[in-house]
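Heads up, the thing below is written out as structure tokens.
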Amino acid sequence: MLPDEGLLNYVLDRSYGCRHITLIDPGKQSSEIATRRAIAAVNSGSRMIFVGGSTDTPDEVVHETCKSIQEALELQIFAASQDPTSDEDKWRVPVVLFPGGAHALSPAADGITFMMLMNSQTRRFLVGEQLRGAPHLEKFGVEALPTGYLVFSPGGKVGEVGEAELVKPGETELVNSYALTAKMFGFKILYLEAGSGASTQVDPSCIEAARIVNELCLIVGGGIRNAEQARIAANAGANWIVTGTLTEDASSMEELSQRISDVVLGAQSSSS
Ligand code: 1GP
């Protein structure tokens with residue numbers, strides 16, 4: 001659901017401190033399960049839903065998931081509007097595509113992280129997939145969020161598929177150069193990614209090096225599983241923290257809600 005201030009303003013707004021994104025991979029769960037998880041995540045404090053992740057999910061599956069999550073959020077907004085004690089705005093969170101390529105698109109999404117995989121060694125992920133996807137997005141009217149995407153070691157599947165020259169811990173000057181480059185290209189967002197299920201999160205000194213470029217909104221994800229890790233990333237300068245695996249391997253909705261509440265608290269407890 002589109003927030004009142006518009007998608008980009010909502011994403012760039014720093015007045016809420018470090019916020020949390022739940023990543024739902026439609027290739028790994030039915031749209032019903034994805035929707036139940038998204039609703040539980042928003043109820044526990046997530047302020048955005050990303051849909052995507054896998055590299056081989058067909059459009060129809062992505063669309064079904066986006067549509068189903070949007071309908072469930074609308075229902076929650078309606079229910080909240082009937083109850084004076086409940087907060088309607090809590091449910092007004094955007095559903096944003098986080099695509100693995102030009103195939104995973106849906107007109108039911110509020111926007112898309114329109115990304116250049118900046119450290120890819122192949123044209124396909126620098127500009128090729130984008131070239132194929134842009135006309136569809138234009139037709140759908142899905143808002144593109146201009147995003148630089150930088151993959152750190154260990155990098156996981158995205159590092160491999162994207163043929164990324166992985167950034168290593170401590171390469172702060174390199175990260176600063178990437179951040180400046182992202183700004184000069186006109187990107188509003190820089191996503192620092194360690195890879196889904198990564199054994200180590202993005203090195204906080206690298207987050208700090210990107211943070212020096214104050215104009216950029218920093219999204220940080222990959223391998224974050226608890227409040228302390230979220231706090232570390234937020235303290236280093238993350239504006240948003242993404243978690244995916246945390247949601248997908250929870251054994252129940254209660255466990256999922258507890259895990260997300262913890263990470264949200266960790267992100268919010270940051271001193272920066
Ligand atoms: C992957 O950054 C995201 O693109 C989330 O990673 O699955 O490790 O939370 P996790």
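In table form, for the structure just shown:
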{"quantity": "For the chain, calculated [θ]222 nm from helices alone, where every DSSP H run of n ≥ 4 adds -39500 (n - 2.57)", "calculated": "-12500 deg cm²/dmol"}
{"quantity": "Gain on full stretching of the segment that runs from residue 181 to residue 212 - 0.36 nm per residue minus C-alpha separation", "calculated": "9.9 nm"}
{"quantity": "FRET efficiency, residue 199 to residue 55 (Cβ-Cβ, R0 22 Å, nearest 0.05)", "calculated": "0.60"}
{"quantity": "Separation between Cα centres of the stretch 164-188 and the stretch 85-112, rounded to whole Å", "calculated": "26 Å"}
{"quantity": "Label point at residue 28 placed 7 Å out along Cα→Cβ; residues across the stretch 63-79 whose backbone nitrogen lies under 15 Å", "calculated": "none"}
{"quantity": "Sulfur and carbon atoms: percent of accessible area, the chain [1.4 Å]", "calculated": "53 percent"}
{"quantity": "Surface per residue (accessible, 1.4 Å probe) for the chain, Å²", "calculated": "43 Å²"}
{"quantity": "Inter-label distance, nm, simple model (7 Å from Cα along the C-beta direction), residue 12/residue 188", "calculated": "0.5 nm"}
{"quantity": "Added length on full extension, which subtracts the Cα-Cα distance from 0.36 nm per residue, residue 134 to residue 226", "calculated": "29.5 nm"}
{"quantity": "Selection from 212, 45, 246, by position along the positive dipole direction of the chain (Cβ)", "calculated": "212"}
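The values are calculated or read from the model by the stated rules, or taken from the named source; none is laboratory data. Computed from a predicted structure; not experimentally measured. All Cβ positions, even for glycine, are placed from backbone atoms using ideal geometry, and neighbour counts span all protein chains on display. Just so you know, the surface numbers come from the protein's heavy atoms only, side chains and all, with ligands and any DNA or RNA stripped out. Shrake-Rupley method; radii C 1.70, N 1.55, O 1.52, S 1.80 Å.
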